[in-house]
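This report refers to the structure that appears directly beneath it.
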Amino acid sequence: MVSVLILTRNEEQDLLGCLDSVAWSDDVHVFDSYSTDTTPEIARSRGAHISQRAFDTYAAQRNAALDTLPFKHDWIFILDADERPTAELSREIQQVVASVLPEISAYRLRRRDFFQGTWLKHAQLSPFYVRLVRRGKAHYTREVNEVLEVDGQIAELASALDHFPFSKGIAHWLNKHNTYSTMEAQLIVDGLTKSNASIKAAFFEKDFHARRVAQKALFYRMPARPLVKWCYMMFVRRAILDGRAGIAYANLQAMYEYLIVLKTRELLRKP
């Protein structure tokens, strides 16, 4: 009753575990960005449908998958290769779609990020994500840290999705966020992040994702952003309660923010 969509590029290390975690689905699609490793072969070995498309932007890639793949079911569960639904989440997904109301177009769930074997319960900045969507009712916007816009009501799932962003090591995380920071800096220079920069939307908007977009737009206007972000994570989000992993993660996020600041300045200096 549920199709699964997994986005991949060179995911031979993580894909097998991800596929095994959704073995309950009879319609698993791997949408690959022309991997140069054994990702396609692993997908086929587990009976998944494999399709490939040259990567351009994160939002465009996800939209292409949602719009073009021949999903068997009306509900689609969207995953990255380094994510694993818990057994409780897998059961809950199958239960809710069996009796869902017609006005519900998507479900939001809590994702648990892990680092050094520790759940970043306090340090994690964005724990809630829409990942279960009705076919034809969802569309991604924004090129990096993309936002999923839903046509219809969004309900909540109680069970968790586990995420292992450091499964390939810190160097891989840094390389990926080096790319992200370049894209974020370009968005700032283009003025796209300022379009929703209102205090009302940032703190009183009912929709979680719209509120997050507005908060990020306001955040980009603040001075000393890396320090503000580190203090927020350490003492407001209380990352320190996650121990060494939480402190290290706060440091990494502050470094990521500093890269965005430096790259924005660099772009603004260019003629």
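The values are calculated or read from the model by the stated rules, or taken from the named source; none is laboratory data. Predicted, not measured: the structure shown is a model, and the values here were computed from it. All Cβ positions, even for glycine, are placed from backbone atoms using ideal geometry, and neighbour counts span all protein chains on display.
Checking the structure you have, find out if any residue of region 1-11 is over 20 Å from the mean Cα position of the chain (by Cα) and surrounded by fewer than 19 Cβ atoms within 10 Å (Cβ to Cβ). Yes, the conditions are met somewhere in region 1-11.
Taken together, the residues in region 29-84 that are part of a loop (DSSP other than H, G, I, E, B), free of Cβ contacts under 8 Å to residues at least 24 places away in the same chain and either more than 28 Å from residue 102 (Cβ to Cβ) or assigned by TED's automatic domain parsing to the domain that holds residue 184 (or both) amount to 4. Among the residues of region 118-147, the one identified as touching a strand residue (DSSP E or B) at 6+ places or on another chain (Cβ under 6 Å), more than 28 Å from residue 74 (Cα to Cα) and assigned to a strand (DSSP E or B) is 119.
One residue stands out in region 191-202 among those that are touching a Lys or Arg at 6+ places or on another chain (Cβ under 7 Å) and farther than 22 Å from residue 138 by Cα: the one that is modelled with the highest pLDDT, namely 202.
Each residue in region 203-257 was checked for being in a helix (DSSP H, G or I) and modelled with pLDDT of 90 or more, and 31 of them qualify.
Does any residue of region 248-268 turn out to be more than 18 Å from residue 178 (Cβ to Cβ) and without any contact (Cβ under 8 Å) to a residue 40 or more places away in the chain? For region 248-268, residues more than 18 Å from residue 178 (Cβ to Cβ) and without any contact (Cβ under 8 Å) to a residue 40 or more places away in the chain: absent. Flag: residue 142 does not match the condition of being within 13 Å of the chain's Cα centre (by Cα) and free of Cβ contacts under 8 Å to residues at least 60 places away in the same chain.
All conditions in (1) touching a residue at least 60 places away in the same chain (Cβ under 8 Å); (2) small (Gly, Ala, Ser); (3) closer than 23 Å to residue 187 by Cα hold for residue 224, with the sole exception of (1). Within region 165-178, can one find any residue that is assigned to a strand (DSSP E or B) and exposed (fewer than 15 other Cβ atoms within 10 Å of the Cβ)? So far as region 165-178 goes, no, none of its residues is assigned to a strand (DSSP E or B) and exposed (fewer than 15 other Cβ atoms within 10 Å of the Cβ). The set of residues from region 7-28 being among the polar types (S, T, N, Q) and assigned to a helix (DSSP H, G or I) comprises just one member, 21.
Residues of region 85-117 that are more than 17 Å from residue 159 (Cα to Cα) and assigned to a strand (DSSP E or B): 104, 105, 115. Of note, residue 149 satisfies the criterion of being more than 25 Å from residue 11 (Cβ to Cβ) and surrounded by fewer than 19 Cβ atoms within 10 Å (Cβ to Cβ).
Regarding residue 93, is this residue closer than 26 Å to residue 180 by Cα, within 21 Å of the chain's Cα centre (by Cα) and not aromatic (Phe, Trp, Tyr)? No; evaluated as a whole, the condition is false for this residue.
For beta carbons closer than 8 Å, sequence separation of 6+ or different chains, a first residue in region 154-166 that is within 17 Å of residue 100 (Cα to Cα) and a second that is assigned to a strand (DSSP E or B) and of a type in the set (Val, Ile, Thr), the qualifying pairs are 154/104; 154/130; 155/104. Selection of region 36-63 for residues being under 19 Å from the mean Cα position of the chain (by Cα), surrounded by fewer than 17 Cβ atoms within 10 Å (Cβ to Cβ) and of a type in the set (A, V, I, L, M, F, W, C) yields 55, 60.
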